[in-house]
Each structure stands twice: as C-alpha cells, then as structure tokens.
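All remarks here apply to the structure that follows.
The values are calculated or read from the model by the stated rules, or taken from the named source; none is laboratory data. What you see is a predicted model; the values in this text were computed from it and never measured. Ideal geometry is used to build each Cβ from the backbone, glycine not excepted, and the neighbour counts take in all protein chains shown. Surface accessibility is based on the protein's heavy atoms, side chains included, excluding ligands, DNA and RNA. Shrake-Rupley method; radii C 1.70, N 1.55, O 1.52, S 1.80 Å.
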Amino acid sequence: HTNLDASLIAQETKHLIKEKPSIVVPALRAKIVDKLGYTPSYKKLWARKQKAIEQFFGNWEESYAALPKKFGALQKFNPRTIVEWCVSRSTDAKQVEFRRVFWAFVPSIKGFAHCRPVISIDGTHLYGKYTGKMLIAMGVDGNNQIFPLAFVIVENESYDSWNWFLSYIKSHVVKEREGICLISDRHLGILKVVNEHGSPWLEPRGFHMYYYYFLYNFFHSYCL
C-alpha cells in the first residue's frame, strides 16, 4: 500500500484507540477494513496500536514510575485516604521495584461502620505489558447495594498477596469491629489466610462463607 494508505491507517488507528483503548486487534482491523477497504497485517496493526496507546497515555514504565505522584495527589485531594506500598529495593537504595499498592478512601472506611457486617473479596486480571491482578473488597449497605471498600494491585493471587490485602482490610477498614462475614471463592491462598490460627475471619471473631452459600442464604433471608 502507498504511504498515503499507511498514513490513513495510522490516523484511523489513533482515532479508534482514543475512542476505545481496550479494543482488541481483530476488532480494530475489522473497523479499518470496513472504513478503508484495506486489510493491514496483525503484526503491523498491533505495533500501531501500542504506539497510539503510548502517545495518548504514556508508556508502561513511565506510568508505573508516576504511581507515587498520582497516589500522592489522591491523598492530597482526598484527605486521610489510606495508601500502603510494597516495593523491592535493589543494592542501589535509590532504585525500587513496584510490587503492590493498597488504597482505601476515607468515606468508604467511615461508611463501612453503617453497612451490614459482610465483606466480599474477589480479583480480576490486569491486561497490558505487565500482568498482575486487582483485588477488591466490597461491603453491602442498608439498601443491599454494593459498597466499595478497598482495592489493591498485586503481582498475582497467592497466599502472600491475599494475606497482605486482608491484613490491611482488617487494620484500616474493619478495625475493632467483630462478627464480620467474609465472602470469597475457594482460592487456596484465601483459604490458607482465613484458616490460620487466630484468624479474625473465623468464629468466634468472624465468619467465612463461599459465594454460593452466601447468595443462597441471602436470597432466602431477604427475598422470600
């Protein structure tokens, strides 16, 4: 194809990426074929997509490097927001490698005192150059609506990462409140954390249930 074709494809790619950054390459290619009548190769289109994303949102390395500044701004404009970091330091003390970050907004922390004694936890994949997981904790308010409590970005789901997250949920969100029912799936990392000696998520201090049983009991208690 001519340089003009390449220019049009690059322009259209940038437009589509700006409109929907999460668009996958096959869908991107289908739109370009439909509009320009030309089928670019998957490899070239993937490269153009990465270039467009970097142009609009910055590259991955710079984005991770900017996290402390962004969370600093978050705390400045949302006073008493909790942010906890986990980093690895190299032999050069000035060089640190990001591993995890936890955050919870103060309205969520205060609001939990007026929510039902239930916390649901789950995780979702992060997509991009660097893999990872976002773990989320949610409560249930008096109207049975989801109430976001805390978030964390971790390298993966494991005993260590779940233990790190749940310990901060306990210290920053739950605090001294007892009788909390923790709802989760059957991830082995969660089970190990919850069933440890002295766990605040087990009787007599708390309770632990799985999604299926909780939803069944909730439905029969509140919906029938």
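In degrees from 0 to 90, rounded to the nearest 10, what is the angle of the helix 42-57 Cα long axis to the longest principal axis of the chain? Result, in degrees: 60. Protection proxy ranking, highest mean first, for peptides 112-120, 83-91, 199-207: 112-120, 199-207, 83-91, where packing is the per-residue count of other beta-carbon atoms within 10 Å, averaged.
With θ taken as phi - 60° and the Karplus curve 6.51 cos²θ - 1.76 cosθ + 1.60 applied, the whole-hertz 3J(HN,Hα) list for the stretch 133-139 is 9, 10, 9, 10, 10, 10, x Hz, x standing for glycine and proline.
Here the Karplus curve 6.51 cos²θ - 1.76 cosθ + 1.60, taken at θ = phi - 60°, turns the phi angles of the stretch 123-129 into couplings of x, 9, 6, 9, 10, x, 5 Hz, with x standing for Gly and Pro.
Per residue, how much accessible area does the chain show when a 1.4 Å probe rolls over the protein heavy atoms, in square angstrom?
On the way: 13930 Å² over 224 residues.
Per residue, the chain has 62 Å² of solvent-accessible surface.
Element breakdown for the stretch 15-99 at a 1.4 angstrom probe: carbon and sulfur atoms account for 55% of the accessible area. In the chain, one over the average inverse separation of all distinct C-alpha pairs is 20.6 Å, which is the Kirkwood hydrodynamic radius.
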